[in-house]
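Chemist: The following block contains the structure, expressed as structure tokens.
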Amino acid sequence: MRTASFWIVSFVVAAAVLALSRGLIANEYFFFAGYVVLQYIVLSTAWNILGGYTGYTNFGVGAFFAVGAYSSVVLHKLTSVPVPVMILAGGLVSGVLGFGMGYLTLRLKGVFFAIATLALAIVAQTLIVNWDYVGGSRGIYVIRPQQAPLLGSYIQYLYSLMLVLAWIAVAIARTIERSRLGLGFNAIRDDEAAAEAGGVPTLRLKLISTTLSGALMGMSGAPLPYYVTYLDPASSFNLSYAVNSVAMPLIGGMTSWAGPVIGAVLLGTIQQLATVTISSALNLLIVGLLLIAFVIIAPNGIVGLVQARARLR
Amino acid sequence: MLSLDLAVNAVVAGLLLGGFYAAVTIGVTISFGMLDIVNIAHPAFIMLGSFVAYFVNSSFGIDPILIGVVMAPVFFLVGMAVYQIYFYAFEQRGEESIQGLAFFFGLLFVGEVALILVFGVDYRFVEAPYIGPALHFGMIDLPLRMLIPCLVSLLMLAVLQLFLGRTFIGRAILAVSQDRLALQLMAANPTRIKRIAFGISIATASVAGALLIIIQPVEPSIGRDYIGRIFAICVLGGMTSFPGMLAGAMLIGIVESITATFYGPSWAPAVAFGFLLLTLAIRPAGILGR
Amino acid sequence: MPPLLEVGGLGKRFGGFVALEGIDLAVDTGERLGLIGPNGSGKSTLVNCLCGALHHDSGTIAFDGRTIDGLPAYQRTRLGLARSFQLPKPFRSLNLVDNLRIPLLYTVNARPGPRLSHDAVVDRCLALLDDVGLADKAARLPRDLTQVEMRKLELARAVASAPRLLFADETMAGLSPSEVEEILAVLVRLNEQGITIVLIEHIMRAVMSFSTRLVVLVAGQKIADGPPQEAIRNPEVERAYLGE
């Protein structure tokens, strides 16, 4: 399918999901849960651009996500802007953070890069914890506007925004996948020295990858303050965001846009159900165990399993 | 306001802390520095060691260091089992990077969550006669709860250094870390050696965990602070050298201690990580070779 | 006509170890230059410095008349300086066509002038694979290739960037005599198509038959530079290879 067609088809699918869910579903909880699943679609797709496509493992997801959320807090305190603008702002700030991280870690590979991302996340968290303007370690309360801009409840509005963001993220991933940029990313992942010798501007491409990945993560975190209404560093920098962002693409499959989507929908739904029925700590345990199991048994994820079966036919 | 008393004690505390940090890092120096296995889950095993010490100490009143040493063989077996899984899943298939990292990341996370499920998120501590009293030399205070772990840690370091240098298996481990091909030509099985070495690295976590809970009360998420510290010290120390690692550990211990004393403890976690970033930025040539 | 590649006083140290010292070298267009020397003499270091994988500490490098000293490796490749790797480094998750597509897209299509369309790119990749005899494995992955096929893929990848100068770094190491002949034939064909070739090799028979000029490197210094038969008879060269 040509890239342009993909954008249109995926838009139609997203619009259909939106119309059906808002038209047919009355239970408010669906939109609470749905928001989280969609948020994870964006997070894991974003992670996969740097991780699955370019081969650089980012454990500092929490930093980009939380920076997006806290940039919204700052905007909320300074002035009153619609949430879509906050999303763009979150994306901008996190994109700059991604560029900075990429620049600092240019010459690091493998585990050193991963640890550096973790280090960055801790440093970012420490800075926010000590920044009283946004509440510091005590956290901050954010009041939702009275009226939702469209019809329906405010949560339905946030859900709709996240759906649009998920569509954009997935379409961007697919576009990259089929482009020269995507091939360049893959070359870097497979053998950076050979890529450089082959004419690929590896440093530039790595910066593009970290910036884009960071920006999308920041955008997924931007609406969070309005979603939770109480934001604190402990929850927004939570390691579970990092684990999920790694587990979902890994379980779904890292080589294609479909992997993170499958992983996010599957794991996200399981977690939403588990949080309600069993404890939330137990549901995190399940995610961790699934990650380990898949990494051992099916390292190419669900997409990889499907492709392997197709090849055997 | 620079109080000499405060500063001197901060440095001393830092030295003692650094000695302890060496115990925490020695495992990774073996698994990552020597064997090239990216075990970022090492902090999870340390936390396990801490909670095992807590459990046995609070149930039977046994000294925590004794628990750590006695449990070390159990941790050794666990380490060998983990290596076996890692070897089957990754080293044999030639996969590397992301899947291997994800495996250990998953272990780290599962370890923390499992501890939360069993023990909850409250701080736990152990009881021992040397927690509380301190030695005094003029203006210098030496809390025993820091001095004793530091000494035990140095002892463990010395024992391991001797083991690596004097025993057959120890020297085989050193050989593997330098040249796998040569070892195969000598008809020693590198897999078996690596498994033993990895087991040893996890066994050190048993002792390190016991020392940790003597120094401070622990709760499951503390492990995360140690990832940065461990790798910072490992890199600072030049990856494979024990003396280098000890020096790096003391350096980080001192800087953390001074930061906590004069700027408050909430900045302390950032110190080690900041150091790590600095080290990685300034010494890329050494790292690129990996 | 000025040399295609001109190297003046090149030096490289690793800490206290002097890997290369005062290397002067000129390669003319269309030449078949052989570069030999004992293990550890600095051949690979020299290639890495010339191609941009390492930064040289002293001296200058000029390609096609312009200084390329500060340029990163990918820009040197785009200018027309290509290399194959001693240990083949294929893109493991991509099939052979894509392995060649990457250098094509990032060099030929990155140079000024009209860009090749997607179909034209694929056609050229298939043609390059055919030139080295790998056309029937175009859709396969590198792990399905034999050793000599990997070496050919490595060469094809270097040629995909349409280079003016190609460094063939120990392409024939460990191959059987007939496989060595296969690779030599490919290199000769490439040279006839207009690519200047620098052959870094240990297999003396191949180097002697292929080269129009021979350069000998020992302990980081150039000790001989001239027609193969002469260079070989240089007493210093004999000493380096055979001992006192």
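Chemist: Residues of the range C:143-174 being assigned to a loop (DSSP other than H, G, I, E, B) and touching a helix residue (DSSP H, G or I) at 6+ places or on another chain (Cβ under 6 Å), which ones?
Modeler: Once the filter is applied, which keeps residues that are assigned to a loop (DSSP other than H, G, I, E, B) and touching a helix residue (DSSP H, G or I) at 6+ places or on another chain (Cβ under 6 Å), the range C:143-174 yields C:Ser161, C:Ala162, C:Thr171, C:Met172.
Chemist: Report yes if C:Thr67 is in contact (Cβ under 8 Å) with a residue 24 or more places away in the chain, among the β-branched types (Val, Ile, Thr), at negative phi and surrounded by fewer than 23 Cβ atoms within 10 Å (Cβ to Cβ), otherwise no.
Modeler: Here the answer is no, as C:Thr67 does not meet what is asked.
Chemist: Taking the range A:117-139 as the search range and keeping residues that are touching a Phe, Trp or Tyr at 6+ places or on another chain (Cβ under 9 Å) and surrounded by fewer than 18 Cβ atoms within 10 Å (Cβ to Cβ), which one is farthest from the other protein chains (Cβ to nearest Cβ)?
Modeler: A:Gly139
Chemist: Here's something else I'd like to know. Report whether or not B:Ala22 is part of a helix (DSSP H, G or I), at negative phi, hydrophobic (A, V, I, L, M, F, W, C) and crowded, with 24+ Cβ neighbours inside 10 Å.
Modeler: Criteria met by B:Ala22.
Chemist: If C:Val188 satisfies all but one of (1) assigned to a loop (DSSP other than H, G, I, E, B); (2) surrounded by fewer than 17 Cβ atoms within 10 Å (Cβ to Cβ); (3) of a type in the set (Val, Ile, Thr), what's the number of the condition it fails?
Modeler: Result: C:Val188 fails condition (1) only.
Chemist: Which one is farthest from C:Ala160 (Cα to Cα), of the residues in the range C:103-112 that are free of Cβ contacts under 8 Å to residues at least 24 places away in the same chain and at the interface with another protein chain (Cβ under 9 Å from one of its Cβ atoms)?
Modeler: Restricting to residues being free of Cβ contacts under 8 Å to residues at least 24 places away in the same chain and at the interface with another protein chain (Cβ under 9 Å from one of its Cβ atoms), the top hit is C:Asn109.
Chemist: I'm trying to understand the selection: among the residues of the range C:118-142, which are within 12 Å of C:Asn99 (Cβ to Cβ), in contact (Cβ under 8 Å) with a residue 40 or more places away in the chain and either assigned to a helix (DSSP H, G or I) or among the aromatic types (Phe, Trp, Tyr) (or both)?
Modeler: Answer for the range C:118-142, where residues must be within 12 Å of C:Asn99 (Cβ to Cβ), in contact (Cβ under 8 Å) with a residue 40 or more places away in the chain and either assigned to a helix (DSSP H, G or I) or among the aromatic types (Phe, Trp, Tyr) (or both): C:Lys137, C:Pro142.
Chemist: Sort through C:Val216, C:Val207, C:Val188, C:Val198 and tell me the only one that's modelled with pLDDT of 90 or more, among the aliphatic types (A, V, I, L, M) and more than 15 Å from the chain's Cα centre (by Cα).
Modeler: The match here is C:Val216.
Chemist: Can you find a residue in the range A:142-164 that is out of contact with any strand residue (DSSP E or B) (no Cβ under 9 Å at 6 or more places or on another chain), of a type in the set (D, E, K, R), in contact (Cβ under 8 Å) with a residue 60 or more places away in the chain and farther than 30 Å from B:Asp36 by Cβ?
Modeler: yes
Chemist: Name, by its number, the condition in (1) crowded, with 20+ Cβ neighbours inside 10 Å; (2) farther than 22 Å from B:Phe273 by Cβ that does not hold for A:Ala114.
Modeler: Failing condition for A:Ala114: (2).
Chemist: So, one more: Do we find that B:Ala53 is within 14 Å of another protein chain (Cβ to nearest Cβ), more than 15 Å from the chain's Cα centre (by Cα), assigned to a helix (DSSP H, G or I) and surrounded by 22 or more Cβ atoms within 10 Å (Cβ to Cβ) in this structure?
Modeler: When the stated conditions are applied, B:Ala53 does not pass them.
Chemist: Among the listed residues A:Ser240, A:Ser280, A:Ser220, identify the single one that is more than 19 Å from the chain's Cα centre (by Cα) and of a type in the set (S, T, N, Q).
Modeler: Just a single option satisfies the conditions, and that option is A:Ser280.
Chemist: What is the residue count in the range A:113-139 for residues that are over 21 Å from A:Ser240 (Cα atoms), assigned to a helix (DSSP H, G or I) and touching a helix residue (DSSP H, G or I) at 6+ places or on another chain (Cβ under 7 Å)?
Modeler: Of the residues in the range A:113-139, 1 are over 21 Å from A:Ser240 (Cα atoms), assigned to a helix (DSSP H, G or I) and touching a helix residue (DSSP H, G or I) at 6+ places or on another chain (Cβ under 7 Å).
Chemist: Which of (1) within 14 Å of chain A (Cβ to nearest Cβ); (2) among the hydrophobic types (A, V, I, L, M, F, W, C); (3) over 27 Å from A:Gly60 (Cα atoms) does B:Ala41 not meet, given it meets every other one?
Modeler: Of (1) within 14 Å of chain A (Cβ to nearest Cβ); (2) among the hydrophobic types (A, V, I, L, M, F, W, C); (3) over 27 Å from A:Gly60 (Cα atoms), only one is false for B:Ala41: (3).
Chemist: I've got another one for you. Can you go through C:Val207, C:Val198, C:Val215 and tell me which one is closer than 16 Å to C:Gly37 by Cβ, assigned to a strand (DSSP E or B) and in contact with an Asp or Glu (Cβ under 6 Å, 6 or more places away or on another chain)?
Modeler: Just a single option satisfies the conditions, and that option is C:Val215.
Chemist: Mind checking which residues of the range C:159-177 are farther than 22 Å from C:Ile36 by Cβ and among the polar types (S, T, N, Q)?
Modeler: Selection gives C:Ser161 alone.
Chemist: Within the range B:156-238, considering only helices (runs of 4 or more DSSP H) that don't extend past its boundaries, which have at least 3 residues that are over 25 Å from A:Leu108 (Cβ atoms) and either touching a helix residue (DSSP H, G or I) at 6+ places or on another chain (Cβ under 6 Å) or modelled with pLDDT of 85 or more (or both)?
Modeler: Result: B:168-178, B:190-215.
Chemist: In the range A:45-61, which residue that is small (Gly, Ala, Ser) and within 11 Å of another protein chain (Cβ to nearest Cβ) is surrounded by the fewest Cβ atoms within 10 Å (Cβ to Cβ)?
Modeler: Once the filter is applied, the top-ranked residue is A:Gly55.
Chemist: While we're here: Just wondering, is there one or more residues in the range A:235-248 that are out of contact with any Ser or Thr (no Cβ under 7 Å at 6 or more places or on another chain), modelled with pLDDT under 95, closer than 26 Å to A:Ser94 by Cα and outside any helix (DSSP H, G or I)?
Modeler: For the range A:235-248, residues out of contact with any Ser or Thr (no Cβ under 7 Å at 6 or more places or on another chain), modelled with pLDDT under 95, closer than 26 Å to A:Ser94 by Cα and outside any helix (DSSP H, G or I): present.
Chemist: Just wondering, is there one or more residues in the range C:81-95 that are polar (S, T, N, Q), within 9 Å of chain A (Cβ to nearest Cβ), farther than 16 Å from C:Ala53 by Cβ and in contact (Cβ under 8 Å) with a residue 24 or more places away in the chain?
Modeler: The answer is yes, given that some residue of the range C:81-95 is polar (S, T, N, Q), within 9 Å of chain A (Cβ to nearest Cβ), farther than 16 Å from C:Ala53 by Cβ and in contact (Cβ under 8 Å) with a residue 24 or more places away in the chain.
Chemist: Here's something else I'd like to know. Taking only pairs six or more apart or across chains, which ones have beta-carbon atoms under 9 Å, a first residue in the range A:172-198 that is among the aromatic types (Phe, Trp, Tyr), and a second residue that is outside any helix (DSSP H, G or I)?
Modeler: Within 9 Å, the pairs are A:Phe185/A:Thr54; A:Phe185/A:Gly55.
Chemist: Among the residues of the range B:139-157, write down those that are free of Cβ contacts under 8 Å to residues at least 40 places away in the same chain and under 15 Å from the mean Cα position of the chain (by Cα).
Modeler: Across the range B:139-157, the qualifying residue is only B:Leu155.
Chemist: Answer yes if at least one residue in the range C:28-42 is touching a helix residue (DSSP H, G or I) at 6+ places or on another chain (Cβ under 9 Å) and acidic (Asp, Glu), and no otherwise.
Modeler: Within the range C:28-42 (the criterion being touching a helix residue (DSSP H, G or I) at 6+ places or on another chain (Cβ under 9 Å) and acidic (Asp, Glu)), the answer is yes, since at least one residue qualifies.
A quick yes/no check of all residues on (1) within 26 Å of A:Gly252 (Cβ to Cβ); (2) assigned to a loop (DSSP other than H, G, I, E, B); (3) of a type in the set (Ser, Thr, Tyr):
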position: A:Gly23; (1), (2), (3): no, no, no
position: A:Phe31; (1), (2), (3): yes, no, no
position: A:Ala66; (1), (2), (3): yes, no, no
position: A:Ser72; (1), (2), (3): no, no, yes
position: A:Leu97; (1), (2), (3): yes, no, no
position: A:Val111; (1), (2), (3): yes, no, no
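Chemist: Name every residue in the range A:236-259 that is away from chain B (no Cβ under 14 Å) and crowded, with 24+ Cβ neighbours inside 10 Å, in order of residue number.
Modeler: Of everything in the range A:236-259, those that are away from chain B (no Cβ under 14 Å) and crowded, with 24+ Cβ neighbours inside 10 Å turn out to be A:Ser236, A:Trp257.
The values are calculated or read from the model by the stated rules, or taken from the named source; none is laboratory data. Everything numeric in this text was worked out from a predicted model, so none of it was measured. Cβ coordinates were reconstructed from backbone atoms using ideal geometry, including for glycine residues, and neighbour counts include every protein chain displayed.
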